[in-house]
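Comments concern the structure below.
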Amino acid sequence: MPDFRSFCQPTEVNPEIIRLDHAESHHLISVNRAKKGDPVIAFDGNGNEWECICIEVNRNTAVLQVKAQREIPRLPFSITLAQALPKGKSMDIIIRKATEIGTAHILPLESERTQVHFKGEREEIKIEKWQTAAIEAAKQCGNPFLPQIHPIQTVSEFITKTDTSYDLKLIGSLYPEATSLKKILNHYRSTHQSFPENVIWMIGPEGDFSPDEMQQTLRADYKPITLGPLVLRSETAATYALSILSYELLNT
């Protein structure tokens, strides 16, 4: 497998030539030092990959010649992460790890205890930055699918509009009544004769969700799940929650 991977958005369904944009050209040629004739895998984030040869070394517009095309099937399940915004660069880390694990959707949330807020142009800039982080992670790990990163919303707005199509709704919780993921999945399987295919995880900010927000989620049929006896940082909780769920669903 070639070491070089580049994100692209071809305008044709079956392109013979792919021209990378400035950012991807710079990364391929200036950062990764790709040379003319080097093999490159181009991908569009929707499961389409093209085996290519670099035929024009240009840090502004690198050109790839397509040799073969393939469509990668999606995972047999879909995981959505509803993540309360943490401080600093932690959300960037969460986006990267979620992409590596194969998360399908990421919903950034403002909770009562969220300490960072983005509005208007700042929100657009931040989401664009997160999308860039997802692309970088996908190139690194070989994931042909990019997660869809949704606009920021409050927890109350999110709970009100939560998609009813989710088979299972989970929330990481420090509350005493929280149960294990395995127990919840076994119960789901015993009552549905199958494992869930569309699952959402809610993960709180520093200090967790407020008691009122927890009550809202419980009324919306979210299942409180323990992530162990230790208090985890937000980015650790998100990575851990997505990992154990993905593992269980992959090994059913």
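Within the stretch 239-252, track down each residue that is assigned to a helix (DSSP H, G or I) and out of contact with any helix residue (DSSP H, G or I) (no Cβ under 7 Å at 6 or more places or on another chain).
Matches in the stretch 239-252: Tyr240, Ala241, Tyr247, Leu249, Leu250.
Quick check on the stretch 161-177: of everything there that is out of contact with any strand residue (DSSP E or B) (no Cβ under 6 Å at 6 or more places or on another chain) and surrounded by 13 or more Cβ atoms within 10 Å (Cβ to Cβ), which residue is farthest from Leu230 (Cα to Cα)?
My answer is Thr162.
Do we have any residue at all in the stretch 109-117 that's touching a residue at least 12 places away in the same chain (Cβ under 8 Å), of a type in the set (A, V, I, L, M, F, W, C), over 13 Å from Met202 (Cβ atoms) and assigned to a helix (DSSP H, G or I)?
Checked against the condition, which is being touching a residue at least 12 places away in the same chain (Cβ under 8 Å), of a type in the set (A, V, I, L, M, F, W, C), over 13 Å from Met202 (Cβ atoms) and assigned to a helix (DSSP H, G or I), the stretch 109-117 yields no hits at all.
Give the number of residues within the stretch 141-175 that are free of Cβ contacts under 8 Å to residues at least 60 places away in the same chain, out of contact with any Ser or Thr (no Cβ under 9 Å at 6 or more places or on another chain) and over 17 Å from Ala104 (Cα atoms).
Residues flagged as free of Cβ contacts under 8 Å to residues at least 60 places away in the same chain, out of contact with any Ser or Thr (no Cβ under 9 Å at 6 or more places or on another chain) and over 17 Å from Ala104 (Cα atoms) within the stretch 141-175 amount to 4.
Residue check, Ile106 against (1) closer than 17 Å to Val155 by Cα; (2) at pLDDT below 95, all met but one. Which one?
It fails just one condition, (2).
Output yes when any residue across the stretch 61-72 is within 25 Å of Ile101 (Cβ to Cβ) and in a strand (DSSP E or B), and no when none is.
There is at least one residue in the stretch 61-72 that is within 25 Å of Ile101 (Cβ to Cβ) and in a strand (DSSP E or B).
Considering only the stretch 218-252, state which residues are surrounded by 13 or more Cβ atoms within 10 Å (Cβ to Cβ), charged (D, E, K, R) and free of Cβ contacts under 8 Å to residues at least 60 places away in the same chain.
Lys223
Report, by residue number, each residue of the stretch 86-95 that is of a type outside the set (Val, Ile, Thr) and buried (at least 21 other Cβ atoms within 10 Å of the Cβ).
Scanning the stretch 86-95 gives Pro86, Met91.
Going residue by residue through the stretch 193-200, is there one that turns out to be touching a strand residue (DSSP E or B) at 6+ places or on another chain (Cβ under 8 Å), over 15 Å from Ala82 (Cβ atoms) and modelled with pLDDT of 95 or more?
Looking through the stretch 193-200, at least one residue is touching a strand residue (DSSP E or B) at 6+ places or on another chain (Cβ under 8 Å), over 15 Å from Ala82 (Cβ atoms) and modelled with pLDDT of 95 or more.
Listed residues Lys97, Lys35; which is assigned by TED's automatic domain parsing to the domain that holds Glu157 and among the charged types (D, E, K, R)?
Lys97
The values are calculated or read from the model by the stated rules, or taken from the named source; none is laboratory data. Computed from a predicted model, the values in this text were never measured in an experiment. Neighbour counts run over all protein chains shown; Cβ positions are idealised from the backbone, glycine included.
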